[in-house]
Amino acid sequence: MKRLIMCTAGHVDHGKTTLVRTLTGIDCDTHPEEKRRGITINPGFAYLDLPAENGPAVRLGIVDVPGHHRFIRNMLAGACGVDFALLVVAADDGVMPQTHEHLALLGLLGVKDGLVCLSKTDLATPELLDLAYQDVRDALGGSCLEHAEIVPVSAQEGTGLAETCSAIRGVVARVADRSCDGPFRMYIDRVFSVAGFGTVVTGSILSGRVRQNDSLFILPRGIAIRVRRIECHGKQVAEASAGERASLNVLGFDPSTFEHGMMLADRLLPVTHRFDGELTVVGQRTRLRLHNQALLYTGTQQTSCRIHLLDCNEAQVGGKSLAQIELERPCVLLPGDRFILRNASKDATVGGGVCVDPHPLHHKRRTGNVVEQLRRRVAGGLAAAVVSEAEKWVTPGKASEIANAIGCTETRIREVVFGLSGGQEVTSTQVDGELYLHGCTANGRLLEAARRCVAQYHRDDPLGTRGIMPLQIAGKLGLPSAAACPLAESLLVGLVRRGILRQTDRGGYVLATFVAKDSGRLREAVGFTRQLFAGAGMSVLSLAKIEYNVNARFRLGAKEVRAVLSHLVEEGEILPVDDGYVNNELVARCRLRLLRHLVEHDGGISVAEFRDLVDGNRRICLDLLAVYDREGMTRRQGDLRFATDSGRAFISQNSR
């Protein structure tokens, strides 16, 4: 069965609600105030089943929106995510102000098809009916419904209803089914409590699907809930998907905390504070200059915003312009989501458009590069979005996180990445089944940062021949901890391929042009310093003491002494502690003794007990215990140290 959503549109009191009631038997005006005033205030909901006829049967969800200009916000909330529109124009009134505004809003919301009902034909003479028909046809010119069928109908007399259903079926045949790919998303338009069931939320499903017992999140707050029951058009169902209206009975949501703009999603989608968009200006007197303020409507949310044009100084009516839009209140946007802009007094629509990049960098300057990249993303579809998103990451990002940011599946991301020609736009690295992506420009900056780290390694240790290790590079570049070493290895191997680095026989990496400094005095100083530590026993050697002894013997400057110490640290012979350096052999020996004691005896060990165990002074014992805590071999609890799981594993491996 094909499932689509249709919304009504048109001026107030032109018979939208009456027509829907006549077609479906459902009265969409359910609020007492609507009954008293005789106008629609909140969106109403109905459905229409069209039996199979040269095609699949159709379950059509209908959203009846208010026509009064004061309730434009409610109209926009109801019209978000619909597939096509039914514009209603009264034959005795003709085209009115709200008819024009609703037509413009439908176009800005991305509606591309629909039909027009010329209602209340029983109140119009044949001459008036002809004039109204021509008036409507003129108004449709250049709009999203320019080629829509116009059907005369009278809900009171029941004429034209069969023709209306036939016209609806014609539109349904042209409109494609909504894809269920991507994350489940549904703006919440109503929240209420039902005795015996609890909280119920309703909305039009924008994308994805939801099943009974699914875990969902209420965004942007990130509230976790669970789905107990699903209903579509009054019937319980096992699942609901894009293109359907749904009522979800949920656990974990307090109705009193509901705010307009809340969305249900099956994952924690990132929140948008600013976005880049392509906008269209409407209205003959509208002028959008370089910097503007307006009210932005997206989904069911309204918020103030600041608009900064990127590719022009003034946006022309009817033309498309690129802009960065700063939001006063955060919302959840994905590429392709629609938005509407109205002036601050809420009495005129300024324009609207489509979100291109929901999480852009802040464009401090309107450079040609910024505009060109954004135009490429507008024209390039999913592939351009993946490339653009990957370029923002300082270090490689998970494909799953990039998929969340642009609103598609990780499978589609992989298809796009592996389909890019020669990997010229995105670099990819597989680590334990996880795909990490990085834009080539951003990756070039990271490669240069890695090269600088290697150069700094040589400056710190001019005698070092082992080279810098991938783990050291990973720490300096801040690579994702879950894949730090493989990603660092990938960067270093890439620099080797380019002839910038070479790998040593000890597994490290050095600059391709590096030659260890051949200084007899430095090498002698290294040997002398090594002997200093060998004779230090259970003592920490301070930097001042080392400099004094080395200078007394070799007359080296402070920079050269530090190079000697860096070399010994890199070689793993000494270890820096708070106030100096300690022999690594001593650290290893005391580590083994401490962990064996902790494993063999119940309870922890105090500083005093550790001092007696290793026969050292309090200062070095405190330094050694701090080292073991940082290594994760021990953990401090009050005045005692206890062996961690890592410490116990270490003893198990070293007792064989």
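The values are calculated or read from the model by the stated rules, or taken from the named source; none is laboratory data. This one's a predicted model, so the numbers in the text were calculated from it and none came from an experiment. Every residue, glycine among them, receives a Cβ derived from its backbone with ideal geometry; neighbour counts consider all protein chains shown.
Do we have any residue at all in the stretch 486-501 that's closer than 29 Å to A558 by Cβ and of a type outside the set (V, I, T)? Before you say what the answer is, go through the steps one by one.
Restricting attention to the stretch 486-501, the residues satisfying the condition of being closer than 29 Å to A558 by Cβ are none.
Within the stretch 486-501, none of the residues are closer than 29 Å to A558 by Cβ and of a type outside the set (V, I, T).
Residues in the stretch 621-642 that are part of a strand (DSSP E or B) and over 42 Å from the mean Cα position of the chain (by Cα): L640, R641. When the test is whether a residue is closer than 22 Å to L575 by Cα and not aromatic (F, W, Y), R648 does not pass it. When R267 is tested against (1) within 30 Å of V191 (Cα to Cα); (2) in contact with a strand residue (DSSP E or B) (Cβ under 6 Å, 6 or more places away or on another chain); (3) surrounded by 15 or more Cβ atoms within 10 Å (Cβ to Cβ); (4) charged (D, E, K, R), only condition (2) is not met.
Based on this model, can you work out whether G419 counts as at pLDDT 90 or above and either surrounded by fewer than 17 Cβ atoms within 10 Å (Cβ to Cβ) or in the same structural domain as H308 (by TED's automatic domain parsing) (or both)? The answer is no for G419.
Within the stretch 151-174, being surrounded by fewer than 17 Cβ atoms within 10 Å (Cβ to Cβ), hydrophobic (A, V, I, L, M, F, W, C) and within 38 Å of the chain's Cα centre (by Cα) holds for one residue alone: A173. Inspect the stretch 606-613 for any residue being surrounded by 13 or more Cβ atoms within 10 Å (Cβ to Cβ), in contact with a Ser or Thr (Cβ under 8 Å, 6 or more places away or on another chain) and either among the acidic types (D, E) or assigned by TED's automatic domain parsing to the domain that holds G537 (or both) and give the result as yes or no. No, because not a single residue in the stretch 606-613 is surrounded by 13 or more Cβ atoms within 10 Å (Cβ to Cβ), in contact with a Ser or Thr (Cβ under 8 Å, 6 or more places away or on another chain) and either among the acidic types (D, E) or assigned by TED's automatic domain parsing to the domain that holds G537 (or both).
Residue-wise test of (1) in contact with an Asp or Glu (Cβ under 7 Å, 6 or more places away or on another chain); (2) touching a residue at least 12 places away in the same chain (Cβ under 8 Å); (3) buried (at least 19 other Cβ atoms within 10 Å of the Cβ).
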{"position": "T125", "(1), (2), (3)": "no, no, no"}
{"position": "A132", "(1), (2), (3)": "no, yes, yes"}
{"position": "V200", "(1), (2), (3)": "no, yes, yes"}
{"position": "I225", "(1), (2), (3)": "no, yes, no"}
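In the set T429, T411, T395, only one residue is part of a strand (DSSP E or B) and within 30 Å of G208 (Cβ to Cβ); that residue is T429.
Being within 23 Å of the chain's Cα centre (by Cα) and surrounded by 20 or more Cβ atoms within 10 Å (Cβ to Cβ) is not true of A148. Any idea how many residues of the stretch 121-136 are over 11 Å from V89 (Cα atoms) and under 47 Å from the mean Cα position of the chain (by Cα)? Number satisfying all stated conditions: 0.
In the stretch 455-464 there is at least one residue that is of a type outside the set (V, I, T), part of a loop (DSSP other than H, G, I, E, B), surrounded by 14 or more Cβ atoms within 10 Å (Cβ to Cβ) and touching an Asp or Glu at 6+ places or on another chain (Cβ under 7 Å). Screening the stretch 98-120 for residues that are closer than 12 Å to H14 by Cβ and not hydroxyl-bearing (S, T, Y) and picking the one that is surrounded by the fewest Cβ atoms within 10 Å (Cβ to Cβ) gives Q98.
Please pick out the residue among T367, T411 that is modelled with pLDDT under 85, surrounded by fewer than 16 Cβ atoms within 10 Å (Cβ to Cβ) and β-branched (V, I, T). Within the list T367, T411, the selection yields T367. Given the criteria more than 21 Å from the chain's Cα centre (by Cα) and either surrounded by fewer than 16 Cβ atoms within 10 Å (Cβ to Cβ) or in contact (Cβ under 8 Å) with a residue 60 or more places away in the chain (or both), does Q302 qualify? Answer is no for this residue.
Number of residues in the stretch 493-552 that are surrounded by 14 or more Cβ atoms within 10 Å (Cβ to Cβ), among the aromatic types (F, W, Y) and in a helix (DSSP H, G or I): the value is 2. Applying a threshold of 8 Å to beta carbon distances and a minimum spacing of six or more residues, or different chains, the list of pairs starting in the stretch 173-187 at a residue that is in contact (Cβ under 8 Å) with a residue 12 or more places away in the chain and ending at one that is among the acidic types (D, E) and outside any strand (DSSP E or B) reads R174/D113; V175/D83; V175/D113; R178/D83; P183/D266; F184/D214; F184/D266.
Scanning the stretch 222-241 for residues that are outside any strand (DSSP E or B) and under 26 Å from P270 (Cα atoms) yields a single hit, G222. When G616, G647, G603 are checked against the criterion of being outside any helix (DSSP H, G or I), at pLDDT below 90 and either more than 22 Å from L543 (Cβ to Cβ) or not assigned by TED's automatic domain parsing to the domain that holds S539 (or both), G603 stands alone in meeting it.
Yes/no matrix, rows are residues, columns are (1) modelled with pLDDT of 80 or more; (2) within 34 Å of the chain's Cα centre (by Cα); (3) in a strand (DSSP E or B); (4) over 18 Å from K112 (Cβ atoms):
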| position | (1), (2), (3), (4) |
| --- | --- |
| Y47 | yes, yes, yes, yes |
| F71 | no, yes, no, yes |
| L76 | yes, yes, no, no |
| G81 | yes, yes, no, no |
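In summary, G142 fulfils each of the numbered conditions (1) out of contact with any strand residue (DSSP E or B) (no Cβ under 6 Å at 6 or more places or on another chain); (2) in a helix (DSSP H, G or I); (3) over 18 Å from H14 (Cα atoms); (4) modelled with pLDDT under 90 with the single exception of condition (2). Please work out which residue is modelled with the highest pLDDT, limiting yourself to the stretch 1-27 and to residues that are in a loop (DSSP other than H, G, I, E, B) and surrounded by fewer than 24 Cβ atoms within 10 Å (Cβ to Cβ). Among those residues, the one meeting the criterion is G25. When we screen L288, L279 for residues that are modelled with pLDDT of 90 or more, surrounded by 19 or more Cβ atoms within 10 Å (Cβ to Cβ) and not assigned by TED's automatic domain parsing to the domain that holds R228, the only hit is L279. Within the bounds of the stretch 476-491, is there any residue that is crowded, with 16+ Cβ neighbours inside 10 Å and over 29 Å from the mean Cα position of the chain (by Cα)? No - not one qualifying residue is present in the stretch 476-491.
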